[in-house]
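Structure first, commentary second.
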Amino acid sequence: MAEDSKISSNSSDLRNRIFFTIFILCIYRLGTYVPIAGIDPNSLAEIMSSSQKGLLGMFNVFSGGAVQRMAIFALGIMPYISASIIVQLLTGTSDYFKNLKEQGEIGRKKITQITRYGTVLIATLQGYGVAVGLENAGGLVLSPGIYFKLMTTISLVAGTTFLMWLGEQITSRGVGNGISLIIMAGIVAELPAALISTLELGKTGALSGLLIIFFLLLAVLVIGFIVFMERGQRRIIIQYPKRQVGMKVMQGQASHLPLKINTAGVIPPIFASSILLLPVTALSINAGNGPDWLLGITSMLGRGQPLYMLLYVSAIVFFAFFYTSVVFNAKDTADNIKNNGGFVPGIRPGESTAIYIDNILTKLTTIGALYLTMVCLMPEFLIANYPIPFYLGGTSILIVVVVAIDTVTQIQTRLMSAQYEQL
């Protein structure tokens, strides 16, 4: 009876976590339909229809369509991601942040608090930039002035702060990573509309039926390729010698250290997109009425343009290596293996093991960075030349698949933990 009660309790806890996550994501989706006051929806629709293939279109994807409706969640979660990038960069360069990281739980809480403050600051700057850009768009704002700027900035900052809180609630009380799930939910929610618009293009003759079938098959192949690469591992054999515990002699055991091909996961494309979105706060909106140099920059940052591709690829590769170095420390791993009496066959324990692991990890990260670059850029060329929605692009598919895999893995881990507790 006690075991049955325990099984029921564990199942109930997991079910409550899943329902809580769904509830929070529903709140997020409702927020993407709450518009900012004082904006002409018809003029906004015209601007967005001409900007869907630029960075503004990318911004719209990560906000779950909130930009095209200019909702209170228009900034999305990107200011939080930008603040996280800055804090993590400081963690690797600043002694103050290095000391905080070494303080354990207390230091982690301080870093989290600093990230929150940074999110509010970045959201304030971007929110004000959006307000100014909306006023300069011409005929978009019904009553321009300081009151509109103030209310728009406050609304956007409040929306981003609320989203940050929702993401933290999912991470602590739900299943999966809250921030990643919020981005995924925004993309998935717009996928049906993207598919419908693609089929409408086929009806009007803008796209041939063969091309639509080709794009759908390409999406399926990309999904399969992503799953294959995300599951790929290099397993390093760890040997543990015989040891005596009390009167018993424990036989030597062999284990393995799994190293993923893509240790950084979906973080590099998200971080790369966030970096590219920082200067686009008012750039795309103002481009139509701005000077020639602004028009030039906006065109160079368009989808499929060389400058956009170069910046995007460089950022993905950089963050693939940077984030891997943050989440995996070869020296600490080698020290832990040595302290537990383990060793890699043919490699001396300690520093030699750390160098060996680091070399393997560097090769894997190189493959992972190339894989991320190929997945994110391959559909970009197609989208730049054909009127396909951004939601069917490689970055969107990558985020959805990787976040889904991670979430399912966490659910399976909780189920396995509950089974072990019953034994």
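The values are calculated or read from the model by the stated rules, or taken from the named source; none is laboratory data. None of the values given here were measured: they were computed from a predicted structure. Don't worry about glycine lacking a Cβ; one is built from the backbone with ideal geometry, like all the others, and counts go over all protein chains shown. Note: accessible area is taken over every heavy atom of the protein model, side chains too, but ligands, DNA and RNA are not part of it. Shrake-Rupley method; radii C 1.70, N 1.55, O 1.52, S 1.80 Å.
For the subset of the range 322-341 comprising residues that are out of contact with any Pro (no Cβ under 8 Å at 6 or more places or on another chain) and farther than 22 Å from PRO268 by Cα, which member is surrounded by the most Cβ atoms within 10 Å (Cβ to Cβ)? Write out each step before concluding.
Step one: of the range 322-341, the residues out of contact with any Pro (no Cβ under 8 Å at 6 or more places or on another chain) are 322, 324-333, 335-336, 339-340.
Narrowing further to those that are farther than 22 Å from PRO268 by Cα: 331-333, 335-336, 339-340.
Details: LYS331: 14, ASP332: 10, THR333: 18, ASP335: 16, ASN336: 12, ASN339: 9, ASN340: 11.
The qualifying residue surrounded by the most Cβ atoms within 10 Å (Cβ to Cβ) is THR333.
Go through the range 348-359 and report how many residues are surrounded by fewer than 16 Cβ atoms within 10 Å (Cβ to Cβ) and not charged (D, E, K, R).
In the first step, residues of the range 348-359 are kept if they are surrounded by fewer than 16 Cβ atoms within 10 Å (Cβ to Cβ); the result is 348, 350-352, 355, 359.
From what's left, not charged (D, E, K, R): 350, 352, 355, 359.
Summing the residues that are surrounded by fewer than 16 Cβ atoms within 10 Å (Cβ to Cβ) and not charged (D, E, K, R) in the range 348-359 gives 4.
Does the range 123-146 contain any residue that is of a type outside the set (Gly, Ala, Ser), surrounded by fewer than 21 Cβ atoms within 10 Å (Cβ to Cβ), free of Cβ contacts under 8 Å to residues at least 24 places away in the same chain and in contact with a strand residue (DSSP E or B) (Cβ under 8 Å, 6 or more places away or on another chain)?
So far as the range 123-146 goes, yes, one or more of its residues are of a type outside the set (Gly, Ala, Ser), surrounded by fewer than 21 Cβ atoms within 10 Å (Cβ to Cβ), free of Cβ contacts under 8 Å to residues at least 24 places away in the same chain and in contact with a strand residue (DSSP E or B) (Cβ under 8 Å, 6 or more places away or on another chain).
With the structure loaded, tell me whether THR124 is at pLDDT 85 or above, closer than 29 Å to THR409 by Cβ, touching a Leu at 6+ places or on another chain (Cβ under 9 Å) and assigned to a helix (DSSP H, G or I) or whether it fails that test. Before you say what the answer is, go through the steps one by one.
Details: at pLDDT 85 or above: yes; closer than 29 Å to THR409 by Cβ: no; touching a Leu at 6+ places or on another chain (Cβ under 9 Å): yes; assigned to a helix (DSSP H, G or I): yes.
When the stated conditions are applied, THR124 does not pass them.
For residues in the range 176-222 being under 14 Å from ILE24 (Cβ atoms) and not in a helix (DSSP H, G or I), which is most open to solvent (accessible area, probe 1.4 Å)?
By that ranking, first place goes to ASN177.
Residue by residue, here is whether (1) of a type in the set (A, V, I, L, M); (2) modelled with pLDDT under 85 holds:
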site	(1), (2)
SER12	no, yes
ILE24	yes, no
SER43	no, yes
SER50	no, yes
LYS53	no, yes
ALA66	yes, yes
ARG69	no, yes
ALA83	yes, no
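Among (1) under 25 Å from ALA272 (Cβ atoms); (2) at pLDDT below 85; (3) part of a helix (DSSP H, G or I), which single condition is LEU100 missing?
(1)
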